[in-house]
Amino acid sequence: MTGFLRRHAFLLVLLAAGTTLRVLSWIAYQPALLYIDSFRYLDNLHGLRADGINPVGYDLLLKPLLAVGGLSFVAAVQHLAGLAIAVGIYALARRLGARNWVGALAAAPLLLDAYQVQIEQNIMAEVLFEALLFGLLWLVLARGKPNWRRIALAGLVVGFGVLVRLIGITIAAPFLLYLLAAGSAWRSWRGWRNAGIGLLAILVVVVPYAAQVKAETGKWGLSGPSGSMLYGRTAAVADCAKLQLDPVVRQFCPTEPVENRLVDNYTHADLDPAWPGPLPPGADKGALAREFAMTTLKAQWWDVAMSILGDFGKSFQFTRYTAANDVPIDRWQFQLTYPQFADPAAIKAVTQQYDGTDPKVNEPIAVFLRDYQINGGFVPGAVLGFFALLGLLTVLRRKKPRHIARSGALFAAGTGLFLLFSSAVFEFSWRYQLPALVLLPVAGALGFTTLTVASRRRLGSYPDTVDEGAVADFHDRHPGAKLSELTVVIAAYNEADGIGQVLEKMPDECLGLPVDVLVVVDGGTDNTAAIAEDHGAYVCVAPTNRGQGAALRLGYHLAAENGAKYIVTTDGDGQYDNSEMAELLAPLLDGTADFVTGSRRLGHEEADSRMRWVGVRVFAWLASVLTWRRITDTSFGFRSLRAELACAIPLNEPQYQSSELLLGATARGARVLERPMSMRLRKAGKSKKGGSVVYGANYARVMTGTWWRGYVLRRGRKRTGRAS
């Protein structure tokens, strides 16, 4: 049990917080919150007619729940469902390779977003729709590439999603595209077969329902009063003075100024029997509204497109507010009094019918919930956008060691973005952002996992078998070697073109201490070792290429075991100026520091990559936030530290080691200084770093993981850097 709690501690903390919010919401608003749509669902419980504005999918669940309990019971079930979906997201992310903390972060938006908690307290279809979205993700991703049975079941889920919320029809497009494209299956009959199975399963649900709508209304469709998405969009921007319209069609022009037009009012205008006014006998309102919409679209297509893209962009804002022409945001915010979306007597009648009580609000709890929600208790749209970006960036990952995680990231990101965009085509509402809390965090978790998976192999404790082989090689090459108190350690992998120049410019002494150089050849295939030995360096050759972090760790221990008290690291590519070594060493000798690192931002930088230039600054900011100290450069390879500190810091990363060393030192209480240094372009060879996106994701993973272990878990946090 203790092991279980430790493994899942982060999720359990988030789950406790999410549970608390839901319990408070359930107590604060009894028996449940009732929105406009709530009354439509309740009115259709017994007839289950298909001619209403809302499809009947939610009623199929609501009816048996109300048979067991009242509205309060339904709200409780919906809150439990929200918690269950969050736990399911965590389980799915872990199943596809994400670390526990990554999976917990993916579950956090659904657990902690106050708008999500508020909608769960409503008698609304959103939670059921979210559950179906998660069910789709699980069926498609959880057990590798789906077989035909799971594809069929997933198609049924998509089809039923349409019966819960009409916007669910848009999910069919990314779902079928995924079936075609996953694993390049579109090139073979299997991909088309899978897509055909998925489409057939969707149609098995949707077509009979559309036929029922036809039987009840006389028209094929998925709802009765169909509304007109296109009319709502075009009416909101139409400049009727410039449109060539038939006099009858001109009656569909809104009379309000453009700045006062709410898309929602026009989309559902057909619910008003008096709209749009007197028409000739036999006139078809729907056909005339479509004619108006098409005329406006042809003349003002740019205005319509910009309106849609503007609403889509709102989903990724940092803050939340009601912009002009938006559905008011306060519909989805906790209020201090019971919201009145119908006649108070009608609300009271409904709550009395199902729960035997009047609607009521616990004001102190409502104040807390509203303050939490208004003051940041929601997931900023920019964060959801970042999650989506992580998922989409996996297309840059050409090597696919975890193909299902990569394709899953793309599927979740694509589905989430497509759903948000489709909602924006209809109209913008903060309520329509909520399904993204299920999809985009999963995309982010799987994207991060895919981008960092190649670096997640961790080193064993020193010395492992590779270290032992390298140490034996060192002693064979240099029997009885005794290194200087000041030893420069260089990790080199195929640096034959540059290592000679670096060693030629290495000083023989620094601040009165003779300088020895130890070159750790990390399983290279060229003659780096021979060149280094020819220039008088000590050489250690690791039998296997593992990465710069592994080579430097080996070098730290080997130097310390053979007499070094102070270690300086530099690279074998000539990017650092050896003449600046005294600046690094002086604070160690005078006892004012345990670790000194150069900083290109404080000194001089010749940048060969704009992305890397930005990355240096972003990660310096992140390190400063994590450590609560000013750090300007986390990845500068020219640095000095006490040998005992280098050996005491737990170093487990084969690559991306500079932040692990720096944050590991600060976590142990070591005195860390930065000094202005120069960084030049490489003199020879090419960088061993991967693509910018992949390298950045891995670097972020190592930095946050080191911070978690060193600062949060408090492992070995004590001063070990000072000389005794």
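Looking only at segment 192-222, which residues are aromatic (Phe, Trp, Tyr), surrounded by fewer than 16 Cβ atoms within 10 Å (Cβ to Cβ) and part of a helix (DSSP H, G or I)?
Trp192
Can you list residue pairs whose Cβ atoms sit under 7 Å apart, with the first residue in segment 1-16 being without any contact (Cβ under 8 Å) to a residue 60 or more places away in the chain and the second being in a helix (DSSP H, G or I) and loosely packed, with under 11 Cβ neighbours inside 10 Å? Count only pairs 6 or more apart in sequence or on different chains.
Leu12/Leu5
Of Arg22, Arg99, which residue is touching a helix residue (DSSP H, G or I) at 6+ places or on another chain (Cβ under 9 Å) and surrounded by fewer than 21 Cβ atoms within 10 Å (Cβ to Cβ)?
Values: Arg22 fails: surrounded by fewer than 21 Cβ atoms within 10 Å (Cβ to Cβ).
Every option except Arg99 fails the conditions.
Quick one: in segment 538-550, of everything that is at pLDDT below 90 and within 22 Å of Leu661 (Cβ to Cβ), which residue is surrounded by the most Cβ atoms within 10 Å (Cβ to Cβ)?
Applying the filter and picking the extreme gives Ala550.
Per-residue answers, yes or no, for (1) of a type in the set (Gly, Ala, Ser); (2) within 22 Å of Asn325 (Cβ to Cβ); (3) surrounded by 19 or more Cβ atoms within 10 Å (Cβ to Cβ):
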| residue | (1), (2), (3) |
| --- | --- |
| Val248 | no, no, no |
| Leu279 | no, no, no |
| Ala283 | yes, no, no |
| Arg290 | no, yes, no |
| Met294 | no, yes, no |
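If we scan segment 168-188, do we find a residue that is touching a residue at least 12 places away in the same chain (Cβ under 8 Å), part of a loop (DSSP other than H, G, I, E, B) and more than 25 Å from Pro109 (Cα to Cα)?
No, that holds for no residue.
Here's the yes/no breakdown for (1) at positive phi; (2) modelled with pLDDT of 85 or more:
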site	(1), (2)
Arg457	no, no
Asp467	no, yes
Val471	no, yes
Thr487	no, yes
Ile490	no, yes
Leu511	yes, yes
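Going by what's in this entry, would Gly159 be described as surrounded by 24 or more Cβ atoms within 10 Å (Cβ to Cβ) and either of a type outside the set (Gly, Ala, Ser) or under 25 Å from Pro64 (Cβ atoms) (or both)? I'd like the intermediate steps shown before the answer.
Numbers: surrounded by 24 or more Cβ atoms within 10 Å (Cβ to Cβ): yes; either of a type outside the set (Gly, Ala, Ser) or under 25 Å from Pro64 (Cβ atoms) (or both): yes.
Judged against the criteria, Gly159 is a match.
Using beta carbons and a limit of 6 Å, which pairs, at least six apart or on different chains, have the first residue in segment 636-655 and farther than 16 Å from Leu554 by Cβ and modelled with pLDDT of 90 or more and the second one of a type outside the set (Phe, Trp, Tyr) and outside any strand (DSSP E or B)?
Ser640/Leu584; Ser640/Leu585; Ser640/Leu588; Arg642/Asp594; Arg642/Gly721; Leu645/Asp594; Leu645/Ala670; Leu645/Gly721
Every residue in segment 413-472 that is surrounded by fewer than 20 Cβ atoms within 10 Å (Cβ to Cβ) and not in a helix (DSSP H, G or I), please.
Selection gives Arg456, Arg457, Arg458, Gly460, Ser461, Tyr462, Pro463, Asp464.
Would you check which residues across segment 344-382 are within 34 Å of the chain's Cα centre (by Cα) and of a type in the set (D, E, K, R) and list them?
Arg370, Asp371
For segment 562-577, state whether one or more residues are under 16 Å from Ala646 (Cβ atoms), surrounded by fewer than 23 Cβ atoms within 10 Å (Cβ to Cβ), in the same structural domain as Gly603 (by TED's automatic domain parsing) and touching a Cys at 6+ places or on another chain (Cβ under 7 Å). So that I can check it myself, show each step before the final result.
Let us first name the residues in segment 562-577 that are under 16 Å from Ala646 (Cβ atoms), namely 562-570.
If we keep only those that are surrounded by fewer than 23 Cβ atoms within 10 Å (Cβ to Cβ) too, we end up with 562-563, 565.
With the extra rule that they be in the same structural domain as Gly603 (by TED's automatic domain parsing), the set shrinks to 562-563, 565.
Subsequent filtering for residues that are touching a Cys at 6+ places or on another chain (Cβ under 7 Å) retains none.
There is no residue in segment 562-577 that is under 16 Å from Ala646 (Cβ atoms), surrounded by fewer than 23 Cβ atoms within 10 Å (Cβ to Cβ), in the same structural domain as Gly603 (by TED's automatic domain parsing) and touching a Cys at 6+ places or on another chain (Cβ under 7 Å).
To keep it simple, each residue is scored yes or no on (1) in contact with a Phe, Trp or Tyr (Cβ under 8 Å, 6 or more places away or on another chain); (2) under 30 Å from Gly705 (Cβ atoms); (3) modelled with pLDDT of 95 or more; (4) not basic (Lys, Arg).
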{"residue": "Asn44", "(1), (2), (3), (4)": "no, no, no, yes"}
{"residue": "Ala50", "(1), (2), (3), (4)": "yes, no, no, yes"}
{"residue": "Ile53", "(1), (2), (3), (4)": "no, no, no, yes"}
{"residue": "Ser72", "(1), (2), (3), (4)": "yes, no, yes, yes"}
{"residue": "Val77", "(1), (2), (3), (4)": "no, no, yes, yes"}
{"residue": "Ile85", "(1), (2), (3), (4)": "yes, yes, yes, yes"}
{"residue": "Ile89", "(1), (2), (3), (4)": "yes, yes, yes, yes"}
{"residue": "Leu96", "(1), (2), (3), (4)": "no, yes, no, yes"}
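The values are calculated or read from the model by the stated rules, or taken from the named source; none is laboratory data. On a predicted model such as this, the values are computed, not experimentally measured, just so you know. With ideal geometry, Cβ positions are generated from the backbone for all residues, glycine too; neighbour counts draw on all protein chains shown.
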